[in-house]
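Would you mind keeping the following structure in view while I ask a few things?
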Amino acid sequence: MKKFTPCLILFLSITTFCLGGTDGFATARALSQADLFPQVDALLAPVFKAGEPGAALLVMKDGMPLVRKAYGMADLELGVEMKPDHVFRIGSMTKQFTAVAILMLMEQGRLALDDPLTKFLPDYPMQGRTVTVEHLLTHTSGIQSYTNLPEWPPLQRKDMTVAEIIALSKDKPFEFEPGERWNYNNSGYILLGAIIEKVSGMSYAAFLQKHIFDPLGLKNTSYDSTTRMIPRRIRGYAPGANNAFLNAEYLSMTQPYAAGSLLSTVDDLASWNEALLAGKLIKRESLEKAWTPYQLKDGSSARYGYGWGVGIVDGRRVISHGGGIFGFSSDGILYPEDRLIVIMLTNSTVGTRAPGRFTPHIAALALGKPLPGERTAVAIDPKIFDSYAGEYEIQPGFTITFFRQGDKFMTQATGQAAFEIFAESETKFFLKVVDGQVEFVKDAAGRVTGMVLTQNGRTISGKKIQK
């Protein structure tokens, strides 16, 4: 199993660092329920084929389902077809539940967002720094994520206590000063789970069950267990050679914990979003705080709130998060002002099947917004690639590298697989494995100085590292 990197597995898949684009749109009209279904079906059916790992999808607008359908297989060995009510691992979509649990305790006056971590874990070695609850919620603590450590992969099958998971990273040097940068961090959410247990006197799983799942009637949402009997829970798959599939590697579900150990269904996750909008768990004021991008010390936006990514697409606010965990990939998009919810869960970790490739398109269809048009590769002199080759820093510790491989132009993000990138013009390129576009930037002298990534209305710049 690979360590976590932005946009791929282990627990998260959000659009903040995924390659993507919004130009080249074709005109679309508002779709009725009858119109939306065939459009979505045409998008998903060719990808999630009969006899292969599948997906479940729910599109809900104003509390009414527009599309609820499953594709492909839930169990390849037994030949069980996927159903919309099957239970999936949701990976890092767990984090929004953890964040709301923290906000519930805040509203009860049992903790504050500016409380230091050491108020709850006094023996945690802070190395002269102060990390707050809010730093943990927003991935700005500077604590190293245990899933990035080289010593973690050999331990993935081991059942571990919360204290043992925390111990993996607690003595490591900080990556940066708290609040200075954003860097996705599973350790931060492990620590939040420990805080929930310390403050409530209950296990993390029991707290969520009693205070969230049961009150909301989320009967198919729970903390995962490899031994407990869980009705309608399905198998997960990994990519194999020659487009084949393998059973996913074993992962002890004690380890993702408050960062990624929940199971759920598309129906329960839609109900969860509806409950939040209705103020059933926390006040709207608290929810709005969770859906406000955290501001870093230099005044820039982290584009992330508490357990959710936050963005603007076509002038609309979009709240989103996804997850990737052994055998499963998930994504959820909420347009709160439009009351549009799109939930897609899959039982494989094949990049071309990642839900985040499809959910923005489906949301756009449901809103009658323009859809990304098909891009066409053009032939250019491969020597042009050479001027673009090199590393581009997106943020400290995260770079995108471009290089030639024969006549192909390849791109590889930190910790991720390499993919071929195709020319749309002499300065614009796109990927086929994700809906992504890269445009290279030159100065007045024609020297390549940087590049721009675009996805879902967001632009992220990268500066070329000159050597």
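Laboratory data are not the source of any read-out in this text; all were calculated from the coordinates shown. Values in this document were obtained by computation on a predicted structure and should not be read as measured data. Note that we place each Cβ from the backbone using ideal geometry, even for glycine, and neighbour counts take in every protein chain shown.
How far apart, in nm, are two points set 7 Å out from the Cα along the Cα-to-Cβ line at Lys280 and at Ala377?
Rounded to a tenth, the inter-label distance reads 4.8 nm.
Taking a spot 7 Å from the Cα of Glu177 along the direction of its beta carbon, which residues of the stretch 278-310 have an amide N less than 18 Å from it?
Those under the cut-off are 295-302.
Follow-up. Could you tell me which GluC sites (Glu not before Pro) in the stretch 38-128 are loop residues by DSSP with no more than 13 other beta carbons within 10 angstrom of their beta carbon? Could you put the intermediate results ahead of the total?
Details: sites: Glu77, Glu81, Glu107; in loops: Glu77.
When the GluC sites (Glu not before Pro) of the stretch 38-128 are filtered for loop state and at most 13 Cβ neighbours within 10 Å, Glu77 remain.
Below 8 Å between Cα atoms, with a sequence gap of 6+, how large is the relative contact order for the stretch 70-117 in percent?
Relative CO of the stretch 70-117 lands at 18 percent.
Which order, highest average first, do 112-124, 240-252, 256-268, 307-319 follow once you tally other Cβ atoms within 10 Å for each residue and take the mean per peptide? Intermediate results must be reported in sequence, preceding the final value.
Numbers: 112-124: 14.7, 240-252: 12.8, 256-268: 26.6, 307-319: 19.0.
My ranking of the peptides, most packed first, is 256-268, 307-319, 112-124, 240-252.
Amide H to amide H, which residues 5 or more places from Phe245 or on other chains are under 5 Å from it, using H placed in the peptide plane?
Placed amide hydrogens put Gly240 under 5 Å from Phe245.
Further question on the same structure: Once you list every other residue whose beta carbon is under 11 Å from the beta carbon of Lys219, what net charge do they have if Lys and Arg are +1 and Asp and Glu are -1?
Cβ neighbours under 11 Å give a net charge of -3.
Whose amide H sits under 5 Å from the amide H of Val87, counting only residues 5 or more places off or on another chain, with H placed in the peptide plane?
Counting only residues 5 or more places away or on other chains, the set is Arg233, Ile234.
Working out 0.36 nm times the residue gap between Asp214 and Asn242, then minus their Cα-Cα distance, what length gain in nm do you get to one decimal?
5.7 nm
So what is the relative contact order for the stretch 291-394, in percent, with contacts set as C-alpha pairs under 8 Å and at least six apart? Walk me through the intermediate numbers first.
Values: 136 pairs, mean separation 14.2, N = 104.
Taking the mean separation of contacting Cα pairs over the length of the stretch 291-394, I get 14 percent.
By per-residue mean of other Cβ atoms within 10 Å, what is the highest-first order of 232-239, 277-284, 85-92?
85-92, 232-239, 277-284
Let me ask another. If amide H atoms are built 1.01 Å from N in the plane of the peptide, which residues on other chains or at least 5 residues away come under 5 Å of the amide H of Gly305?
So Gly305 has HN proximity to Tyr294, Val310.
So how much slack lies between Glu77 and Ala50, counting 0.36 nm per residue of separation and subtracting their Cα-Cα distance, in nm?
8.4 nm
I would also like to ask the following. Restricting to DSSP H runs of at least four residues, report the calculated mean residue ellipticity at 222 nm for the chain, -39500 (n - 2.57) per run over all residues, nearest 500 deg cm²/dmol. If you can, show how the numbers build up before the last one.
On the way: 11 runs with 97 residues, N = 467.
Value at 222 nm, helices only, nearest 500: -6000 deg cm²/dmol.
Which residues does the label zone of Arg317 cover in the stretch 118-135, counting backbone N under 15 Å from a point 7 Å along Cα→Cβ?
Those under the cut-off are none; the list is empty.
May I ask you to derive the relative contact order of the stretch 383-464, considering only C-alpha pairs under 8 Å and at least 6 residues apart, and to give it as an integer percent?
On the way: 156 pairs, mean separation 17.9, N = 82.
Once normalised by length, the contact order is 22 percent.
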